[in-house]
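Structure first, commentary second.
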Amino acid sequence: MKMRSTSWLGAAESALRAAPPTALLATARSLLASNAQARHVQLLLADYSLAVLQPVTHLPSNGEETKLRDGGAAGRAFTAEAPVVEVTDEPGMVIVHLPITVRGDRLGILSVHLPEQATQGASGVLELAAFATALGHELIVAERDTDLYVQARRRRRLTLAAEMQWQLLPGRGLSRDEFTLGAHLEPAYAVGGDNFDWTVTDTSLTISVTDGQGEGIQAALLTNLTVNALRNARRAGISLEDQACLADQAIYGEYGGMLSAPTLLLRIDLETGLSHVVDAGSPQLFRLRHTTVEQIRLDAQMPLGMFEETEYRTEEFSLDPGDRLVIVSSGVHAAQRDDTSAFGERALRETIAATRSASTHETARAVVDALMQYYGGGDLPADAAVVCLDWRGNPAPSS
């Protein structure tokens, strides 16, 4: 038994694009049954806290969840971002767990129960993986028109502030030839003011991490204003320091200095790795080069919106291929329990160094996990945002 020619993938992608938003899974099942002899297909999406994979079904029932950290095949495929073939009790049948990742943003897993022979050969699993990626692209498009997939990711109800924050985020990952980004945000179901944002052009990558002051709706509104003010200025094509100045004016105009938004703005030249940064507040930046973790010390400038018409300036540092950057909000580096010393820079350095071989996604998650262990488990008392960047540099031109 063999998979059909790769030509089936083009027809399958067209069928997925033509499917109604709520019928993507049903369409995928039909396509995989016809082209890969699949007997059962399950779509699992990662929840907001990256603790479980939850099956997509028609609400209100979402079925049984799969814990990401229990060593199961689906969790391993998600963490490693690579297909995992699981042997079943039924002779000749396997389950292929396929990561659904779109441009570096991990969404979940497509689990396909099918004959083992269908996975063999040079292109068997590769074809299935390409199909899962195509499905991922359609899931992102479908979320504009249906809540089915958004709701399937929820273990419990989000607070209104968290709803606003998750709608504001660009995703949790991005990958290009020059770099890979991964990020994490906690407490996922109750986050208020912390945020990360990024955008890429042909020549540069821009990242921001914001600590919105306050709690709940107040913090979420402040952060929404900050991020959208930065986006508006950035899309006008102005310099990084002027982006900070315009966002500062917008926030001060609304709050009169009563609230501010500590923010770190970073722009990396994709050709050279030269990085320009504006430190407007409390997020901190660490660089792992070879085996050494160092904090990139910056001149702290006023948080956005604290004073009227603040002038901002950029600083520079360089990135070499192989460098890793980790940006953390104050909820991480300034974490403090009443009965002990602060979480602090030492714990951050140790966690960053210990996860050198892990992906950017897993490193960001590991930093938050270490923080949660510091607090004894459960939800964090303050928001925590972590962004991790692996820098590969501009690929050498082909000869």
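Packing here is the average count of other Cβ atoms within 10 Å per residue, and on that basis the peptides 236-246, 143-153, 219-229, highest first, run 219-229, 236-246, 143-153. In sequence order, region 133-140 has phi-based couplings of 5, 4, 4, x, 4, 6, 4, 5 Hz under the Karplus curve 6.51 cos²θ - 1.76 cosθ + 1.60, θ = phi - 60°, and Gly or Pro positions carry x. Put the Cα centre of region 109-155 next to the Cα centre of region 327-375 and the gap is 32 Å.
Residue order by solvent-accessible surface for Trp391, Trp166 is Trp166, Trp391, largest first, with ligands and nucleic acids left out and a 1.4 Å probe. Near the amide H of Glu86, within less than 5 Å, lie the amide hydrogens of Ile95, Val96, His97, all on another chain or at least 5 residues away, with H placed in the peptide plane. With the whole protein complex present, Ser34 retains an accessible surface near 60 Å², based on a 1.4 Å probe.
Under 14 Å from a point 7 Å along the Cα-to-Cβ line of Arg356: which residues of region 260-291 have their amide N that close? So the set is 287-291. In terms of the mean number of neighbouring beta-carbon atoms within 10 Å, the peptides 12-22, 85-95, 258-268 order highest first as 258-268, 12-22, 85-95. Whole-Hz Karplus values for region 248-257 come out as 4, 5, 5, 5, 5, x, 8, 10, x, x Hz, taken residue by residue from phi with 6.51 cos²θ - 1.76 cosθ + 1.60 and θ = phi - 60°; glycine and proline positions read x. For the chain, the dipole from Cβ point charges (+1 on Lys and Arg, -1 on Asp and Glu) about the Cα centre works out to 1220 debye, to the nearest 20. Using the Karplus relation 6.51 cos²θ - 1.76 cosθ + 1.60 with θ = phi - 60°, the per-residue 3J(HN,Hα) values for region 367-379 come to 4, 5, 4, 4, 5, 5, 5, 4, 8, x, x, x, 5 Hz, with x marking Gly and Pro. Peptides 127-139, 376-388 ranked from most to least packed give 127-139, 376-388, packing being the mean of other C-beta atoms within 10 angstrom over each peptide's residues.
When the Cα convex hull of the chain is projected onto planes of every orientation, the mean area is 21.5 nm². As a length-normalised measure over Cα pairs under 8 Å and 6 or more apart, the relative contact order of region 86-163 settles at 23 percent. The share of accessible area on the chain that comes from carbon and sulfur is 49 percent, using a 1.4 angstrom probe. Of all the options Asp177, Asp323, Asp194, the one that moves most in a Gaussian network model of the chain with Cα springs shorter than 10 angstrom is Asp177.
Heavy-atom accessible area with a 1.4 Å probe sorts Tyr252, Tyr189, Tyr374, largest first, into Tyr252, Tyr374, Tyr189. Measure nothing fancy, just the Cα-based angle from helix 24-36's long axis to the longest principal axis of the chain, in degrees from 0 to 90, nearest 10. Once rounded, one gets 40 degrees.
For the chain, relative contact order (Cα pairs under 8 Å, six or more residues apart, normalised by length) works out to 14 percent.
The calculated FRET efficiency for Gln167 paired with Ser318, based on their beta-carbon distance and R0 = 25 Å, is about 0.10.
Taking the radius of gyration and the Kirkwood hydrodynamic radius from Cα positions alone, what is the Rg/Rh ratio for region 201-281, to two decimal places? Display every interim value, and only then the final one.
On the way: Rg = 13.1 Å, Rh = 13.0 Å.
Over the Cα atoms of region 201-281, Rg/Rh equals 1.00.
Charge dipole of region 85-221 (Cα centre as origin; +1 on each Lys and Arg Cβ, -1 on each Asp and Glu Cβ, all else neutral): 300 debye, rounded to the nearest 20. Annotation: per residue accessible area for the chain equals 43 Å², rounded to a whole number [probe 1.4 Å, protein chains only]. Once the Cβ-Cβ distance of Ala51 and Asp242 is raised to the sixth power relative to R0 = 35 Å, the FRET efficiency obtained is 0.30. Relative contact order, whole percent, for region 1-150 stands at 25, derived from Cα pairs under 8 Å and 6 or more residues apart. Assuming R0 = 35 Å, what is the FRET efficiency of Arg156 and Ser14, from their Cβ-Cβ distance, to the nearest 0.05? My answer for the efficiency is 0.40.
Applying a DSSP loop filter and a limit of 14 other Cβ atoms within 10 Å to the GluC sites (Glu not before Pro) in region 309-393 leaves Glu309, Glu311.
Using 0.36 nm per residue and subtracting the Cα-Cα separation, the extra length available between Glu345 and Met258 on full extension is 28.4 nm.
The values are calculated or read from the model by the stated rules, or taken from the named source; none is laboratory data. Note that the coordinates shown come from a computational prediction; the quantities given were computed from them, not determined experimentally. Here the Cβ is made from the backbone with ideal geometry for all residues, glycine too, and neighbour counts use every protein chain on show. Heavy atoms of the whole protein, side chains included, go into the accessibility calculation; ligands, DNA and RNA do not. Shrake-Rupley method; radii C 1.70, N 1.55, O 1.52, S 1.80 Å.
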